[in-house]
Every structure is written in structure tokens, then in C-alpha cells.
1. Pick out the one residue from B:89, B:105, B:130 that is farther than 24 Å from residue B:194 by Cα and in contact with a helix residue (DSSP H, G or I) (Cβ under 6 Å, 6 or more places away or on another chain).
2. Could you tell me which of the residues B:192, B:184 is surrounded by fewer than 20 Cβ atoms within 10 Å (Cβ to Cβ) and in contact with a His (Cβ under 7 Å, 6 or more places away or on another chain)?
3. Six or more apart or on different chains, Cβ atoms under 6 Å: show the pairs whose first residue is in region B:196-216 and farther than 25 Å from residue B:173 by Cβ and whose second is acidic (Asp, Glu) and assigned to a loop (DSSP other than H, G, I, E, B).
4. Would you check which residues across region A:49-104 are of a type in the set (Gly, Ala, Ser), touching a strand residue (DSSP E or B) at 6+ places or on another chain (Cβ under 9 Å) and at the interface with chain B (Cβ under 9 Å from one of its Cβ atoms) and list them?
5. Can you tell me which residues in region B:234-257 are basic (Lys, Arg) and without any contact (Cβ under 8 Å) to a residue 24 or more places away in the chain?
6. Please name all residue pairs, on different chains or six or more residues apart, with Cβ atoms under 6 Å, provided the first residue is in region B:258-284 and is assigned by TED's automatic domain parsing to the domain that holds residue B:245 and more than 12 Å from residue B:14 (Cα to Cα) and the second residue is among the acidic types (Asp, Glu) and assigned to a loop (DSSP other than H, G, I, E, B).
7. Would you check which residues across region A:77-89 are crowded, with 16+ Cβ neighbours inside 10 Å and touching a helix residue (DSSP H, G or I) at 6+ places or on another chain (Cβ under 7 Å) and list them?
8. One residue is enough: does region A:23-32 have a residue meeting the conditions crowded, with 19+ Cβ neighbours inside 10 Å, part of a strand (DSSP E or B), within 13 Å of chain B (Cβ to nearest Cβ) and modelled with pLDDT of 95 or more?
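The values are calculated or read from the model by the stated rules, or taken from the named source; none is laboratory data. The model shown is predicted, which means the values in this text are computed figures rather than measured ones. Cβ placement follows ideal geometry from the backbone for every residue including glycine, while neighbour counts extend to all protein chains displayed.
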Amino acid sequence: MLVNAPMLDDAGFDAYIAANDGLVFFHKKLCPNCRVLAKVLDKCRGQLPGLTLAAVDTEEQPALATRLEALRVPTVLLVKNGRVVARKTGVASPTEMIAFCQQG
Amino acid sequence: MKAYDVLIIGGGVCGLTAAIYAARANLSVGIIEKEVCGGLVNWTHVVENVPSYKSIHGLDLMAKCREHAESLGVDLVEVEAVTGVDLSAELKLAVTADETYAGRALIVATGRKPLALPVSTEFENVHYCAICDGAPYKGKDVVVVGGGNSGFDESLYLAGLGVASIHILEVFPQCIAAAATQDRARRTGIIRVDTNTKITALDVLESDRGRLHLENCADGKTWTEDCDAVFCFIGQKPNTDLFHGLLDLDKAGYIVANADMETNVSGVFAAGDVIVKKYRQIVTAMGDGAIAALQAEKYIRAR
């Protein structure tokens with residue numbers, strides 16, 4: 001759904017966020033709001049060079065989605081220094097998502 | 001400014017069909033879509049009434065429509081909302097936060113948007129998309145408001161997720177969902193339906209569950225029912241805020257267009273769910289889109 005974003009699984013998630021600040025996008029393949037937010041995130045990437053994106057398919061990784069309380073999709077986690085510092089569930093505009101990325 | 005022969009506002013099935021027809025007439029075409037192309041069909045779990053597909057997910061159907069339009073060179077501008085239009089000059093303009101778009105002809109295919117639950121509530125578990133929000137309710141009790149195709153279709157999806165029970169509430173005396181879909185829902189054994197039932201209030205309980213206050217519209221009887229979530233599919237309203245005072249609208253806000261999809265403004269066409277019509281189906285939206293594009297081509301060639 002997201003172009004050029006690594007797909008994370010339960011085994012690799014903690015190591016990934018320990019090494020990468022940025023956004024992790026929880027989605028489902030057939031979720032219409034996820035399609036919208038994926039396009040929004042693509043647009044944000046154009047406006048925030050260096051923004052790091054990764055993704056989790058919650059149907060393929062239900063344990064990870066449950067552990068991170070991201071069963072509702074789309075959910076975006078903002079990760080910094082190996083920790084989840086903010087989360088947002090539902091559709092957002094590019095302006096809202098850029099503001100979300102720039103907090104903290 | 002980006003200029004096209006045909007500018008289309010709205011990338012649902014109507015707008016995409018119009019784009020395909022216009023592009024095949026060798027016209028340059030741009031679609032501006034505030035979300036992603038696909039419109040309300042994207043929200044339909046299973047589509048079973050489009051000839052050539054016995055059964056297809058709405059997102060998959062619209063991905064094919066989108067690919068078709070893109071293959072013909074249609075410019076798709078997504079997650080960009082039109083904030084204003086100028087229909088007064090020969091060139092029709094649509095303005096977004098990022099750009100001004102122009103068309104020698106404009107096709108309005110903005111469709112409709114879902115209506116919100118008609119009661120004010122602090123209950124957080126009110127949702128409008130079973131695929132997006134249904135997963136946390138496995139083993140729990142949900143209420144679905146609306147007995148149309150969307151209400152039953154989304155109920156079947158929730159049933160597949162493993163919710164414990166689904167209670168569909170319909171305010172009118174009968175559910176209007178397709179009979180085959182209603183039969184399939186009832187066969188699940190966990191879906192029950194009450195017609196003539198309206199919600200008068202929705203409270204939050206200490207347990208974080210919700211308490212619905214219900215009323216039978218026929219005999220006035222009232223009662224309460226507790227649930228873990230409410231999914232609302234009670235219909236749509238037209239996306240015509242941009243056109244008040246510019247295009248002729250009916251009392252409900254739908255655009256008045258003739259059989260050739262012409263509006264009261266020369267060079268502006270309207271098609272699909274957004275116009276005054278009796279039947280709003282995928283195939284009727286496609287038909288409207290085709291007519292609007294053909295008529296727009298005729299309009300452009302004549303000038």
C-alpha cells in the first residue's frame with residue numbers, strides 16, 4: 001500500500017524502531033481509509049524529505065497490532081528513540097499529518 | 001494553473017467512467033479527488049450487481065477502473081480538496097489549497113457522503129466502516145444502524161470477524177437491502193433485525209459499553225439495549241456545498257441535471273449520485289458518467 005516502506009513483523013518491530021525514528025503505518029489491504037491515509041503519507045513524504053515510513057499489515061501481524069493497540073486502522077505511530085511517542089487513528093489531511101510528524 | 005479539456009471533480013465510479021470516455025475522445029482530462037479515487041464503492045465490501053463480476057470487492061473494482069483511466073492518460077489528482085469554483089467564464093475553474101485547475105468543460109461527479117448518527121453522544125465506539133474499525137469487537141455485541149445494502153453488507157463483514165451478536169436497527173417499516181443479502185445475513189444466526197426502530201439517545205456506561213435508548217416508531221414503546229459498539233450506515237447526503245448559488249439544486253441539495261447531464265450553467269455537467277434521480281447504483285453512475293463525457297465532448301467540439 002505504501003511505496004518504498006519496509007513491512008514490519010512482530011519479531012522485527014522493536015529492533016526497527018530502536019534504529020529508526022519516523023512513522024509506522026498500521027493498515028489492512030481492503031480498508032478504504034487506509035488507502036486514503038497511504039496517499040496522504042506519500043504526499044507528506046514529498047513535503048518532509050527524510051521522513052521515514054514503515055508499515056504493518058494488521059491482518060498478517062495480528063499479535064503486533066494487538067500488542068501496540070492498533071487493531072483499528074488506519075493507525076499511525078510516531079516513534080522516536082525507540083519509543084512510541086504519539087499515535088493517530090483515522091484519516092487525516094496532509095496538513096494534519098505533517099503537524100503530527102513535527103510534534104515532540 | 002493546470003488546464004484540461006475536461007475537468008472532473010470527484011473520482012468515484014461516475015467520474016472515472018466520464019474520464020475514460022473523454023480520454024478516448026482524445027480530450028485531455030483531469031480528475032480532482034479529495035480522498036482517493038473510488039468514491040463510495042471503495043466502502044462496499046462486496047459488489048455483486050455489476051455485470052461481468054459475479055462478486056468483487058469494491059476496492060478491487062475501483063482499482064480496475066482507476067487503472068483503466070490512468071492507462072488512457074487521465075491525470076488523477078488525489079487527497080486534494082476543491083475549496084472553490086468559478087463557473088462564470090468560458091474556462092471553468094476549481095481551486096484547491098495547492099493549485100488552480102481549469103477545464104473547457106466541467107463535470108461535477110462529487111457523489112454523496114455518509115450521514116452521521118442522528119443523536120449527540122459521548123460514546124466513542126461509534127463507527128462508519130466495519131473493515132477499518134471492526135477488529136476490536138471480536139466476541140462482542142454490536143448494533144448496526146441502517147437496514148440498507150450498506151448496513152447488511154457491513155454486518156456480514158462483522159459477522160465474519162467473529163463478533164458475538166449483531167442487531168440491525170431500521171427506522172422504516174422494511175429494510176431495503178437486497179433480499180439475497182438479507183437472507184444471507186439471517187442465515188449467520190447471529191444477526192437479528194428490528195424495523196420501525198429509532199435511536200433516541202446513546203449513553204456511555206461505566207463499563208465503557210454504550211446504552212441505546214430505542215423507540216418503536218409504530219407503537220411508541222421504548223426500551224434500552226447495551227452494546228460494545230455502534231456502526232452507522234443510514235444513508236448519504238450530496239456533496240454539493242461548493243455549488244450552492246451556482247447550480248440549480250433541489251431541496252435536498254442534489255444538482256438538477258437534464259437527461260444529457262447538463263446543468264443550468266453552459267459547459268457544466270453533473271452526473272452520478274450527486275444529481276436528482278431515483279436510482280443510485282454503480283451502473284447508473286457509470287451510465288451518467290458516459291453521457292456527461294459524450295455531451296461535454298459535443299459541447300467542446302462545437303465551440
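1. After applying the criteria, what remains is B:105.
2. None of the other options fit; the residue is B:192.
3. Listed by first residue and then by second, the contacts come to B:204/B:122; B:209/B:228.
4. Once the filter is applied, which keeps residues that are of a type in the set (Gly, Ala, Ser), touching a strand residue (DSSP E or B) at 6+ places or on another chain (Cβ under 9 Å) and at the interface with chain B (Cβ under 9 Å from one of its Cβ atoms), region A:49-104 yields A:65, A:90.
5. B:251
6. Short answer, once both residue conditions are applied: B:264/B:248; B:276/B:250.
7. A:78, A:79, A:88, listed by residue number.
8. So far as region A:23-32 goes, yes, one or more of its residues are crowded, with 19+ Cβ neighbours inside 10 Å, part of a strand (DSSP E or B), within 13 Å of chain B (Cβ to nearest Cβ) and modelled with pLDDT of 95 or more.
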